[in-house]
Amino acid sequence: MTVLTEETQLGSVLCSFAEHDEFGYSPSIVSRALAVLASGVQSLSGYLDPPLQDRVSRLPLDWLCILERDPVVRSATEQALSDEAHAGTVAPDCALSELLTEILDSLARRSDQHSTGEAMPQLPTVAAMTGTWRIGPPAISDAVHVLSPNMEDSPVSSTFWRMFREFIHDSEHPEDELLSPAPKHVDVLQTALNTLCEVVPELASGVFAHAPTLCIVTDDCTFKSMSHRQFPGTIFLSERSLDSVWTTADALLHEALHHKLLDLHLISSMVRAEVAGDDFPMVVSPWNAPPNEWILGRALFAFHVYAHLTAFAACARVRRSDSSPSVSELAQMQSVAGRRAHYLGSRVVEVGEPVLSPRGHRLCQWLMHQTMALDDGSFALGPI
């Protein structure tokens, strides 16, 4: 494949990843996901104390959509929706209630400057209340913040800390702590985002709308980077993951893509509604040591990431950055990511036939098509 042909092929794949009507275009995906959550808040308001219930009922839907852009508000919303689904009720003093009360109180303090019918005021957010570092080059259309947790700042910050501690307590790494970002952390994150904008501007410009908040965790944690559906829109990074700009860039893209697929799931599930959790098939990940069986959903998320990382490595070979590894290392990264994407896509389609929804099948077909467009003939060969 000539350099010109490869660049053209890469451009086509990246255009599809960034602009595909159903699975690629981040602004539309995020807007639709936020609308689902905003409607969820309206449906949950009946569980809140009557005074708060009345205040929430008077908020326009577009204001609720803006509030749901805040990852901490969104986490509390999804937690409340999960409680309702599993327990049939939501506690009136839930985290969502605390957050909405604090935010609406803050908004009320500004009300003297905004009469009815005037332009919507700037809504207070958890990010603004707890203190953050704003990072990211202008090419990234949505703000990316590094959260600086401070329990003394406001009740909102305290609520976030409690949610995080409850999550960590039940996890495999209960000793982890959130850290306030040091200037050196911010510098590495800023450079990593700049690198992504140089190498894959098509993806970088939109994907962080799905993950606008970064949190730094103590260096003794068991992961380098992590995302979890309980903290939508939030990427957790260990200090050691920030040692290398390239490693950080790879981790940021990897986790942001997970959040993008979470948003796609929120709009419309990739699996059939009638399928019970126990009925999900398993997919072996042979590059991991046993136990290495993944439930279908996890395999689908990995397939989604590896398909994009194949394009990321291919782009880095063509569009060099100061932070890029050597060409030979990038070729190896592209080959490994491509083989894993090919393997996972084939297995997910094969074992997931009775489980995937029509939309899930379309997603797999689209991802496989983009992956194979970058195949140099090695994706179906060699170790994965």
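Can you run down the residue pairs with Cβ atoms below 8 Å, 6 or more apart or on separate chains, where the first is in segment 47-73 and among the acidic types (Asp, Glu) and the partner is surrounded by fewer than 17 Cβ atoms within 10 Å (Cβ to Cβ) and not in a helix (DSSP H, G or I)?
49/92; 62/120
Yes or no: segment 48-63 includes at least one residue that is modelled with pLDDT of 90 or more, in contact with an Asp or Glu (Cβ under 7 Å, 6 or more places away or on another chain) and assigned to a helix (DSSP H, G or I).
no
Among the numbered criteria (1) at pLDDT 90 or above; (2) closer than 30 Å to residue 373 by Cα; (3) not in a loop (DSSP other than H, G, I, E, B), which single criterion is violated by residue 7?
Every listed condition holds for residue 7 apart from (1).
Please go through segment 1-59 and give me each residue that is more than 30 Å from residue 95 (Cα to Cα), of a type in the set (Asp, Glu), loosely packed, with under 13 Cβ neighbours inside 10 Å and over 24 Å from the mean Cα position of the chain (by Cα), ordered by number. Give the derivation first.
Kept after step one, since they are more than 30 Å from residue 95 (Cα to Cα), are these residues of segment 1-59: 1-25.
Within this subset, residues satisfying the condition of being of a type in the set (Asp, Glu) are 6-7, 19, 21-22.
Imposing the further condition that a residue be loosely packed, with under 13 Cβ neighbours inside 10 Å reduces the set to 21.
Within segment 1-59, none qualify.
Out of 338, 297, 360, 345, which single residue is touching a residue at least 60 places away in the same chain (Cβ under 8 Å) and not in a loop (DSSP other than H, G, I, E, B)? Lay out the reasoning, then the answer.
Details: 338 fails: touching a residue at least 60 places away in the same chain (Cβ under 8 Å); 297 fails: touching a residue at least 60 places away in the same chain (Cβ under 8 Å); 345 fails: touching a residue at least 60 places away in the same chain (Cβ under 8 Å).
Answer to the selection: 360.
So residue 235 passes all but one of these: (1) crowded, with 23+ Cβ neighbours inside 10 Å; (2) modelled with pLDDT under 90; (3) not small (Gly, Ala, Ser). Which condition number does it fail?
(2)
Report, by residue number, each residue of segment 270-281 that is within 30 Å of residue 336 (Cβ to Cβ) and either assigned to a loop (DSSP other than H, G, I, E, B) or at pLDDT 95 or above (or both).
First, the residues of segment 270-281 that are within 30 Å of residue 336 (Cβ to Cβ): 270-271, 280-281.
Passing the criteria: 270, 280, 281.
Looking at (1) modelled with pLDDT under 90; (2) more than 18 Å from the chain's Cα centre (by Cα), can you tell me which one residue 244 breaks?
(1)
The values are calculated or read from the model by the stated rules, or taken from the named source; none is laboratory data. Model, not experiment: these values are computed from the prediction. Every residue, glycine among them, receives a Cβ derived from its backbone with ideal geometry; neighbour counts consider all protein chains shown.
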